[in-house]
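Here is the structure we will look at.
The values are calculated or read from the model by the stated rules, or taken from the named source; none is laboratory data. For clarity, every value in this text was computed on a predicted model and none was experimentally measured. Positions of Cβ are generated from backbone atoms using ideal geometry, with glycine treated the same way; all protein chains shown enter the neighbour counts. To get the accessible areas, we keep the full protein, side chains included, count just its heavy atoms, and leave off ligands, DNA and RNA. Shrake-Rupley method; radii C 1.70, N 1.55, O 1.52, S 1.80 Å.
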Amino acid sequence: MTMQRHETITKPSTPRDDPNLADYDATRASFDWADVEEEIDFLPGGGLNLAYEAIDRHVVRGNGDKPAMLWEGKNGEKETYTYDDMRRQTNRFANVLGGLGVEKGTRVFTFMERVPEIYFTVFGTLKAGCVIGPLFSAFGPDPVRDRMEDSGAKVLVTQPDLRKKIAEILPQLPDLEHIIVVNKNGRSAEPLAGGDLDYYALMNEASDDFGPIATTRDDYSIMHYTSGTTGKPKGAVHRHNAVIQHYLTGKWCLDLHPDDIYWCTADPGWVTGTSYGMSAPWTNGVTQVIYEGGFSARKWYQVLEDYNVTVWYTAPTAIRMLMKSGVELPKTFDLSNLRFAASVGEPLNPEAVEWGVEAIGMPFHDNWWQTETGGIMIANYACMDIRPGSMGRPLPGINPGIIDADGNEKPDGTEGNLAVRTPWPSMFQTYWQQQERYDSRFVNGWYITGDEAVRDSDGYYWFIGRSDDVINTAGHLVGPFEVESALIEHPAVAEAGVIGKPDPIAMEVVKAFVSLKDGYEPSDELRRELMGFARQKLAAAVAPREIEIIPGLPKTRSGKIMRRLLKARELGLDEGDTSTLEED
Ligand code: AMP
């Protein structure tokens, strides 16, 4: 096919290869989700609970002593938790919620770093039948307020420094009843703020016995906020049933076997951090490494070596940053245990796939999915040949297609909207209290993903781009509206328009154009002030990397800022149809 510019990477067969994937076409043809359900344990009485599947059932099956979590803190602390430790800790947290009088369905949010307690909180919340909403710890006050306010969260579990960062917005949350603070290893010397609850005190008093777990497969489990083109981010809500797909994709797309030592570098604040940093690995009974610290090429290779990691799931921006530090560095580490490496979140350029072969002895396996799909949908499987630059082939049981605006399928080789036939086990169930927006994502039995792609005649999918204005910076989706809203709160800013500007490492960086109110003059100092203002309100990861002050923003006759035009001008492209532009 024309889209293939790089040589196919042939994968030799190994005894570990899953026979189902070796005969992919036959497996697709005969696939039945009911067979997957046979491999997991429902609750007595037929219920389903994600936490039970990930943790308790391994204890029930006699693997309670197996390490589930090998944690390394940012200060070098090390802690190990077995599946039985996890069961008891999560039971305690479920009892803590019960003790606070929190009812089933209540939203419990975390604003925490990657410490073991976030995992206990997430699974304890799920056992109690509440809905967990993990927030990215690098967020500033505004994104936290918007998400907690929208969800009506009653409980927030956080850490002292993070609590301090968002202190100003906490009184603005009328639904918030309890703030539980985890002072991990006594890292903070400051006393608790008045009214806050001490996590360890609550956990010490709680029983490590909990039951019965009383959720059904359709009960809501996790919500993650995701950005769209317009309006504030919306809460994509999932149900416990998603665990069926997490389990299968862990096994087939990440090639997890029970003897694996697995490392997922995603933060629990994003969906990869919950579906593949919690549910998929633990439902597959592996030992998972959790490293709290941030990116450093040397340290990351050290983690791979120290923990004998066998399966590694990371992201394109991280791989491109590793590439920058050279092909020799990884060779100074013993990575001989590593046997499978995968990537998600943004387009993985063919050079990055191939660099893996040179640097770590294996290609990176790209796969595709998004917050709304809840689990991997398209993947390059361990035993299959890789076409570098392609997202791979659909998971058996998942039926994507390329469609036009009316929901009609387009032929292979033609670009169009990437869509997926409904339903599938981990499909999102609603956007929290925005049913109309949810409904607008479906046409003719298809879910419209917002991505554009093309399928080749062998069924491999190739990513083209987003069909909307959403920006993907280092794998984080950023809604321009959220950034614009933060900027116009500055007294000097009249209007703001935000675009994604191509970047060799992060794929895109956020660039903002602003016009000023009367009485303000453009200056470098003001520009820098605006950058700092946005970073403090949002998060470095989503705040503009560049701000340009211009006299006025291009708008449609109805007053909508034309981001597309800003982008075309920025890139020196044809400005296209400007007939709806504001008249001077
Ligand atoms: P999120 O919902 O934040 O997980 O972001 C999902 C979006 O990231 C998708 O809709 C794509 O635009 C992009 N994305 C995820 N995986 C890939 C991939 N393998 N290749 C290209 N883009 C991807």
Q. Relative contact order (percent) for segment 201-286, with alpha-carbon contacts under 8 angstrom and 6 or more residues of separation?
A. 24
Q | Gain on full stretching of the segment that runs from Thr414 to Glu548 - 0.36 nm per residue minus C-alpha separation | A | 44.5 nm
Q. Out of residues 5 or more away from Ser343 or on other chains, whose amide H comes under 5 Å of its own, with H placed 1.01 Å from N in the peptide plane?
A. Thr314, His365, Asp366, Asn367
Q: Quick one: plug the Kirkwood hydrodynamic radius of segment 186-345 (C-alpha pairs) into Stokes-Einstein at 37 °C, 0.692 mPa s, and report D in µm²/s.
A: 177
Q. So what J values fall out for segment 398-413 if you push phi through Karplus, 6.51 cos²θ - 1.76 cosθ + 1.60 with θ = phi - 60°, rounded to Hz, Gly and Pro as x?
A. 10, 10, x, x, 10, 10, 8, 4, 8, x, 9, 6, 9, x, 3, x
Q) Accessible area per residue of the chain at 1.4 Å probe, in Å²? A) 39
Q.
Going through the cross-link list Lys537/Lys567; Lys165/Lys324; Lys127/Lys165; Lys165/Lys511, which pairs have a Cα-Cα distance over 31 Å in this structure?
A. Lys165/Lys324
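What value, in deg cm²/dmol to 500, does the helix sum -39500 (n - 2.57) over DSSP H runs of n ≥ 4 give at 222 nm once divided by the residues of the chain?
-7500 deg cm²/dmol
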Q | Cβ-defined net charge surrounding Ser188, 11 Å radius [Lys, Arg +1; Asp, Glu -1] | A | +2
Q: Could you tell me what percent of the DSSP beta bridges with both partners in the chain are antiparallel, to the nearest 5?
A: 60
Q: May I ask you to compute the full-extension gain from Ser523 to Arg187, defined as 0.36 nm times their residue separation minus their alpha-carbon distance, rounded to one decimal in nm?
A: 116.8 nm
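Determine the sum of side-chain charges near Val243: Lys and Arg each +1, Asp and Glu each -1, restricted to other residues whose C-beta is under 15 angstrom from that of Val243.
Its environment carries a net charge of -3.
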Q. Of Ile213, Ile499, which has the most accessible area and how do the rest follow, probe 1.4 Å?
A. Ile213, Ile499
Q. So which aspartates and glutamates can Lys164 reach, going by Cα to Cα under 19 Å and dropping same-chain residues fewer than 8 places off?
A. Glu113, Glu117, Asp142, Asp146, Glu149, Glu177, Glu190, Asp196, Asp198
Q: Starting from the Cα of Asp209, move 7 Å in the Cα-to-Cβ direction to define the label point; list residues of segment 66-85 whose amide nitrogen is under 18 Å from there.
A: 84-85
Q) Quick one: net charge of Gly73's neighbours, Cβ under 12 Å, K/R +1, D/E -1? A) -1
Q: Any chance you could run the full-extension gain for Asp35 through Leu573? It's 0.36 nm times the residue separation minus the Cα-Cα distance, nm to one decimal.
A: 188.6 nm
Q: Express the C-alpha Rg of segment 131-258 as a ratio against the empirical globular expectation 2.2 N^0.38 Å, rounded to two decimals.
A: 1.26
Q. Over segment 60-117, what relative contact order in percent results from Cα pairs under 8 Å that are six or more residues apart?
A. 28
Q: Return the percentage of antiparallel bridges among DSSP beta bridges fully within segment 140-240, rounded to the nearest 5 %.
A: 45
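Looking at the calculated P(r) for segment 293-444, what percent of the C-alpha pair distances fall above 26 Å?
38
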Q.
Going by average Cβ density within 10 Å per residue, which order do the peptides 321-327, 339-345 take, highest to lowest?
A. 339-345, 321-327
Q) In nm, to one decimal, how far is the modelled label at Asp18 from the one at Lys74, with both set 7 Å along Cα→Cβ? A) 3.5
**Q.** Area of Leu70 that stays accessible when all protein chains are in place (1.4 Å probe, Å², to 10)
**A.** 30
**Q.** Phi to ³J(HN,Hα) by Karplus 6.51 cos²θ - 1.76 cosθ + 1.60 over segment 67-81, Hz, x for Gly, Pro
**A.** x, 9, 10, 10, 9, 10, x, 5, 9, x, 5, 10, 9, 10, 10
Q | P(r), alpha carbons of the chain - 20 Å bins starting at zero, rounded % | A | 20, 55, 24, 1
**Q.** Normalised contact order of the chain, rounded percent, pairs of Cα under 8 Å and 6 or more residues apart
**A.** 13
(Q) Could you check the spin-label model distance between Thr332 and Ala167? Points 7 Å from the Cα along Cα→Cβ, value in nm. (A) 4.3
**Q.** Pairs from Lys234/Lys560; Lys66/Lys154; Lys11/Lys78 whose Cα-Cα separation, in the structure shown, is over 27 Å
**A.** Lys66/Lys154; Lys11/Lys78
**Q.** Exposure rank, largest accessible area first [Phe210, Phe136; 1.4 Å]
**A.** Phe210, Phe136
**Q.** In range of the label at Asp458: residues from segment 1-37 whose backbone nitrogen is under 14 Å from the point 7 Å along Cα→Cβ
**A.** 1-12, 24-25
Q | Dipole moment magnitude, nearest 20 debye, segment 291-402 about Cα centre, only Lys, Arg, Asp, Glu C-beta charged | A | 60
